[in-house]
1. How high is the FRET efficiency between N9 and S335 when r is their beta carbon distance and R₀ equals 22 Å, given to the nearest 0.05?
2. Pick out, from T201, Y244, A292, the residue whose Cα sits farthest towards the positive end of the charge dipole of region 196-330, with +1 on the Cβ of Lys and Arg and -1 on the Cβ of Asp and Glu.
3. What percent antiparallel are the DSSP beta bridges of the chain, to the nearest 5?
4. Restricting to Cα pairs below 8 Å that are 6+ residues apart, what does the relative contact order work out to for region 66-172? Please round to a whole percent.
5. Per the Kirkwood definition applied to all pairs of different Cα atoms, how many angstroms is the hydrodynamic radius of region 1-104?
6. Want the number for K57 to F300: 0.36 nm per residue separation, take away the alpha-carbon distance, what's left?
7. Quick check: residue separation of K227 and A180 times 0.36 nm, minus the Cα distance between them. What number comes out in nm?
8. Taking all protein chains as present, what is the carbon and sulfur share of the accessible area of region 218-288, in % to the nearest whole number, probe 1.4 Å?
Amino acid sequence: MELENNFCNWKSNIENLIEGHPLQIISWEATRKCNLSCKHCGSPSEAVQLPEELSSKEVIGAFKQIEEDFDMSHFRHVNITGGEPLVRKDLPYILENISQSPHYRNIDIQTNGVVLGKNSDLIKKLKKFGVTGIGVSIDGDRESHDSFRGMRGSYDLAVKAAKSAVDEGLTVTVSTVAHAKNVDQIPQLYESVKREIRPRTFRVMTIDPLGRADLNKEYLLSSNQTKEVISFLQREYADNCEKYGNSNETMVELGCGGWLGKDIEGTIRPFIFHCVAGINNLGILYDGKLAACSNIPREFGFEGDLRKDRIRDIWDNKYQKYRKFEWKKTEDCQSCGEWDYCHGGPMHKMKPDGSRTDCLYQIINKE
């Protein structure tokens, strides 16, 4: 009964969030440029016209406009992604400017660790300019990581970057993409990361069949391998959940791969999942297009363009496909008993025609 009440309360909170859609998170895709060529990249940049990239002045202006137009009393944080954000040479300058606002003093950067591993002193500068969290990707042992990321030595640089960020007192997440060629390494990697790096969070994300991963199909997980990942997380979460209040401990969690079902939700991450893209999360893409999350495939379309539109107008009057879900009720969703909680799953797995790449709930419940 208590668990059912928790789900009912959570469902009510989500419904209120959808109705009010307060802007709480900005996800800024700083660039599509990257210094690696990863096997799974969902947004490869070979065909991108990089002259379209927002200038530093445009980025700073967008953040100032948001602060002027929105109620920032409930704003939480800025999440900076890429490409590889740190190949953008004016990033420190941009952060120096926007972090003068008290609302932009909680900034996360998601990085492959190559630039930070080569220049540990940069972490001090980023910390000074409002960066409180660093997410570093480490995908298996040295050989597996370097192969997956397409660069020899990238593993050592990523480990060095993560260690340096921990030493500087930043909140560090080590993220691992679970795929067919590293899934057996994940338990050992977790122990190594806990011992050698000591991040706040070890996050596991199941590989999505998007971008290059859809071409490199040998990396896609089988349903049994996906279940192995979930079982590992269940074991580790159960053993360590009582330590979550201790900032010196390493938490383990699943990323935003999707709804798991009421039997499992809340047992492998410290929250109950619902995709918040376009609900409280605004996506600003590298070229100024206004989206909901930089992970959502670009063929899905955009809501606006900050070079032409006022961001507040777009936020208030667009984004309906992220806040009204009936169009997603296709295929197996039509008869699924989890619909009232899941609403069709994460938007980055949706296709414009209403179909989806996969459903984590269905995979782990498949006989």
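The values are calculated or read from the model by the stated rules, or taken from the named source; none is laboratory data. Bear in mind the structure is a predicted one, so any value in this text is a computation, not a measurement. Methodologically, a virtual Cβ is constructed for each residue, glycine included, from the backbone with ideal geometry; neighbour enumeration extends over all protein chains shown. Side chains included, ligands, DNA and RNA excluded: accessible areas come from the protein's heavy atoms. Shrake-Rupley method; radii C 1.70, N 1.55, O 1.52, S 1.80 Å.
1. Given R0 = 22 Å and the Cβ-Cβ separation, E is 0.25.
2. The residue sitting most towards the positive pole is A292.
3. Taking every DSSP beta bridge within the chain, about 15 percent pair in antiparallel fashion.
4. It rounds to 27 percent for region 66-172.
5. Value: 16.4 Å, from the Cα pair sum.
6. Contour length minus the Cα-Cα distance gives 84.7 nm.
7. So the chain would gain 15.7 nm between K227 and A180.
8. Carbon and sulfur atoms account for 46 percent of the accessible area of region 218-288.
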